[in-house]
Protein chains: 2
Amino acid sequence: MNLNIREFSSSADGFRSELEALLAWDSVSDAGVQEAVANIVHQVRLKGDEAVVEFTNRFDRRQISSAAELEISRAEMAAAKLRVSDELVTSLEAAAKRVHDYHEHQKQPSWQYQEEDGTVLGQKVTPLDRVGVYVPGGKAAYPSSVLMNVMPAKVAGVGEIIMVVPTPDGLVNDIVLAAAYIAGVDRVFTIGGAQAVAALAYGTETIPKVDKVVGPGNIYVATAKRMVFGAVGIDMIAGPSEILVVCDGKTDPDWIAMDLFSQAEHDQDAQSILISPDLAFIGKVKAAMERLIDDQSRKDIIKVSLEERGAFIHVKDMDEAMDIANVVAAEHLELSIDEPEKWAEKIRHAGAIFMGRHTPEALGDYCAGPNHVLPTSGTARFSSPLGVYDFQKRSSLIYCSPEGASELAKIASPLARGESLEAHAMSAEYRIIKGDTGE
Amino acid sequence: MNLNIREFSSSADGFRSELEALLAWDSVSDAGVQEAVANIVHQVRLKGDEAVVEFTNRFDRRQISSAAELEISRAEMAAAKLRVSDELVTSLEAAAKRVHDYHEHQKQPSWQYQEEDGTVLGQKVTPLDRVGVYVPGGKAAYPSSVLMNVMPAKVAGVGEIIMVVPTPDGLVNDIVLAAAYIAGVDRVFTIGGAQAVAALAYGTETIPKVDKVVGPGNIYVATAKRMVFGAVGIDMIAGPSEILVVCDGKTDPDWIAMDLFSQAEHDQDAQSILISPDLAFIGKVKAAMERLIDDQSRKDIIKVSLEERGAFIHVKDMDEAMDIANVVAAEHLELSIDEPEKWAEKIRHAGAIFMGRHTPEALGDYCAGPNHVLPTSGTARFSSPLGVYDFQKRSSLIYCSPEGASELAKIASPLARGESLEAHAMSAEYRIIKGDTGE
């Protein structure tokens, strides 16, 4: 199948602005979505279970009469796991273990130190009490997403993990429930959409209020998350998934073609970009793609994605490739090159860096260990993969000795008065040791 | 002056719901603000400098003709510092050093580990390239806020720090500029409001686009930050400031009265709550407050704040006090008690914990070392003080050995097929070593 994919040369006039246009992605929810979501959130806050049941019956075409019917017990999760093939269960368990082990390295300890005058300063790290994990239902039900969202929360020591997953027409996905069981989800409710986010954020008679809502979802879910942010914490609002492959021309073109496909098959808005200093190699990858695409079960999606948002970029050398990679700040950056660890040092912005010819993104998506929830649309400039740190929070610790307080008060007092906050100054001054005139 | 402050007993019927009502704070910007801010953001994106100059002239009553006039150079910051009293400069420098030293402890190193088959996994930590710090101008110009927002960014290694501060009627605050100079701000622009946030988020001809916007501001600033979130990172949207003082009754009542005042003087929405198992002591603190309030320069604000949002809570014992503290999840928690370090272990949620009788919040506000930008309105349940971690981000590192990739591919392949993502499966399967049939 012919593929009409954009080709750029970094030396062409206007390349940087064309690159910017290629990457541009504005995730704006329109006024209609805003209004619909605002209404759903309002109703759930106001009427609790009643609203959740009503919206669930309406949007997921179900006929339940009480919110209690929405819960799936751990026993039902275990039963679902028994219905899943052994091969899949083994893979889920292996993936869960690897993800767990990687995330163990992200745990942050509390710390404190004592100053000479006895004052102690520190930082206490604690897990969140309760977290809600949103898992999309229907056709795009991803058990890997269950593992990736739940495991860091488990490692962080979150007290209770509530999963919500819509079951349109009552259809439950056994693999998703098996993943929930394996990951250690405490409670599952079969709700979705903005009503699920609102229920988690504000709580209802049946659904417990959580402290943070994480997990991907459609535009209604994303809009609801943005709306409840502040009442609860949220993870990032994800845009379409993207990969940037940098190849020196020495990897099998079929491998690179398939790595680009694996991103493009997600959805039509997904973005796959190849950068290489080897123009002939780019041609070989293109030929491989045109040969291999016919075998792809999701070839229609792949074609649209590649033609609408994909690109080949020919650069003059590897240094320039790294510069462009830093501009793109890709969710997934694949360095299919010699000495990738050396070149990775030049990368400042990327969600995950896949190094070497044997590290396709797909391994990271499922089981390498690092999280597959990654900053999209250039947000790797300022944000990080989902991690244990998203499920812990810090409290500052300050314990002044009388001597320490006396000295600090002499610093604080003029600053407070400089800000016209005299009660601050006086509160500090009370701690100045009498007879201590300073210096 | 008489003070009519709410008094609660934890043993009274309905106490928990009254507590909830006391703490409730909904920071909703109304439709008018939303629309005004949306328009400003749109104009700044569209017209850049021209819009920034126009809005600045209009809202800050200035008469500038080009955006270049908006910048304050490092030399002008240095000159401003010379106009500030030596005492204040010394205090600013001492505070900056202590804040710097504390935040050094928050730096997170990159890490990696190698598995038996040669696969390397890790996490690379990098600073943000460029950060914008919003500093309110006019009557509430706080140099301490400059230090607290800038120092963690400096410690993180942020490449360039851009500060914006509105100067209504062209009035510049020398102490704020001195603080900016001492903290190491790279560039200052005298702009504010939603137009400043938009300029930082999207960049103009004169004002560089940043990766994250931090710092407090009024409802227009907060609404603009929420709106640009995604294009850039933002810190939290802060609510009114609050303190929860737990006292066993053995601290000088005047000290506790002044600690409560120091919070209440911020603004009328600020919240000061005292919890004690000693009812007589609560009476003494109240008497001290009624005696001391007349001396307070901000007594009108203090009175409204205490009567509208303040409270005394009588509890049966210290265990119950800690339970309530965890429900409140206060921005500032003062444990003015014996053995505070022992009791602090029971605290799961608090922005900062001030321990002992010699650690008033005011010391932490200015110079103890920890950050004074803290989660408000119960958001300490899921968020943390501003810190170095807010100015660093992480990239996952995955470098599979051929053998490692071959094994991981066997796990990933069934999972990908279970999600109907065949290109993922094939991309992984290409890395299975030929002749290696598994197991």
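Descriptive notes on the structure:
A quick yes/no check of all residues on (1) in contact (Cβ under 8 Å) with a residue 12 or more places away in the chain; (2) assigned to a helix (DSSP H, G or I); (3) in contact with a Cys (Cβ under 7 Å, 6 or more places away or on another chain); (4) not acidic (Asp, Glu):
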| position | (1), (2), (3), (4) |
| --- | --- |
| A:Gln43 | yes, yes, no, yes |
| A:Arg58 | no, yes, no, yes |
| A:Ile64 | no, no, no, yes |
| A:Leu82 | no, yes, no, yes |
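- Remark: A:Val176 matches the filter, which requires a residue to be farther than 26 Å from B:Pro375 by Cβ and aliphatic (A, V, I, L, M).
- Positions within the range B:261-280 being in contact with a helix residue (DSSP H, G or I) (Cβ under 7 Å, 6 or more places away or on another chain) and facing chain A (nearest Cβ under 10 Å), in sequence order: B:Phe261, B:Ser262, B:Gln263, B:Ala264, B:Glu265
- Per-region count, the range A:239-296, residues in a loop (DSSP other than H, G, I, E, B) and not acidic (Asp, Glu): 11
- Members of the range A:286-305 that are touching a Leu at 6+ places or on another chain (Cβ under 6 Å) and crowded, with 21+ Cβ neighbours inside 10 Å: A:Met289
- Subset of the range B:84-96 [in contact (Cβ under 8 Å) with a residue 40 or more places away in the chain and more than 9 Å from chain A (Cβ to nearest Cβ)]: B:Val89, B:Glu93, B:Ala96
- Consider the range B:403-424 and keep the residues that are surrounded by fewer than 24 Cβ atoms within 10 Å (Cβ to Cβ) and touching a residue at least 40 places away in the same chain (Cβ under 8 Å). The one that is nearest to the chain's Cα centre (by Cα) is B:Glu407.
- Criterion (at pLDDT 95 or above and surrounded by fewer than 24 Cβ atoms within 10 Å (Cβ to Cβ)) met by exactly one of B:Ile353, B:Ile432, B:Ile398: B:Ile432
- Within the range B:234-270, considering residues that are under 17 Å from the mean Cα position of the chain (by Cα) and free of Cβ contacts under 8 Å to residues at least 40 places away in the same chain, the one nearest to B:Gly203 (Cα to Cα): B:Ile234
- Within the range B:333-358, residues that are touching a residue at least 60 places away in the same chain (Cβ under 8 Å) and closer than 24 Å to A:Ser406 by Cα reach partners that are small (Gly, Ala, Ser) and surrounded by 23 or more Cβ atoms within 10 Å (Cβ to Cβ) with beta carbons closer than 6 Å, at six or more positions or on different chains, in the pairs B:Leu333/B:Ala325; B:Leu333/B:Ala350; B:Arg357/B:Ser336.
- Enumerated helices (runs of 4 or more DSSP H) restricted to the range A:356-439, each holding at least 2 residues that are more than 7 Å from every other protein chain (Cβ to nearest Cβ): A:402-418, A:422-429
- Here A:Asp13 fulfils each of the conditions (1) part of a loop (DSSP other than H, G, I, E, B); (2) in contact (Cβ under 8 Å) with a residue 60 or more places away in the chain apart from (2).
- Among (1) touching a strand residue (DSSP E or B) at 6+ places or on another chain (Cβ under 9 Å); (2) within 13 Å of another protein chain (Cβ to nearest Cβ), the one test that B:Asp248 misses: (2)
- Residues that are polar (S, T, N, Q) and modelled with pLDDT of 95 or more, drawn from the range B:191-247: B:Gln195, B:Thr204, B:Thr206
- Residue count, the range A:92-104 (criterion: out of contact with any helix residue (DSSP H, G or I) (no Cβ under 7 Å at 6 or more places or on another chain) and surrounded by fewer than 17 Cβ atoms within 10 Å (Cβ to Cβ)): 2
- Subset of the range A:323-349 that is among the aliphatic types (A, V, I, L, M) and over 20 Å from A:Arg16 (Cα atoms) - its residue that is nearest to the other protein chains (Cβ to nearest Cβ): A:Ala344
- Selection from the range B:97-116 of residues that are more than 10 Å from chain A (Cβ to nearest Cβ), over 12 Å from B:Val155 (Cβ atoms) and among the acidic types (Asp, Glu): B:Glu116
- Condition met for B:Glu320 (in contact with a Leu (Cβ under 6 Å, 6 or more places away or on another chain), more than 10 Å from every other protein chain (Cβ to nearest Cβ) and surrounded by fewer than 22 Cβ atoms within 10 Å (Cβ to Cβ)): no
- Every residue from the range A:133-153 that is more than 11 Å from every other protein chain (Cβ to nearest Cβ) and over 22 Å from A:Lys97 (Cβ atoms): A:Tyr134, A:Pro136, A:Gly137, A:Gly138
- Within the range B:304-321, the set of residues being in contact with a helix residue (DSSP H, G or I) (Cβ under 7 Å, 6 or more places away or on another chain) and either outside the structural domain of B:Arg16 (by TED's automatic domain parsing) or assigned to a helix (DSSP H, G or I) (or both) comprises B:Ser305, B:Leu306, B:Met318.
- From the list A:Val125, A:Val89, A:Val133, A:Val120, the lone residue that is surrounded by 22 or more Cβ atoms within 10 Å (Cβ to Cβ) and out of contact with any Pro (no Cβ under 6 Å at 6 or more places or on another chain) is A:Val133.
- Unmet criterion (only one of (1) charged (D, E, K, R); (2) over 30 Å from B:Ala231 (Cβ atoms); (3) not in a helix (DSSP H, G or I)) for B:Arg98: (3)
The values are calculated or read from the model by the stated rules, or taken from the named source; none is laboratory data. In this text the structure is predicted, and so the values were computed from the model without any measurement. So basically every Cβ, Gly included, is an ideal-geometry build from the backbone, and we count neighbours across all protein chains shown.
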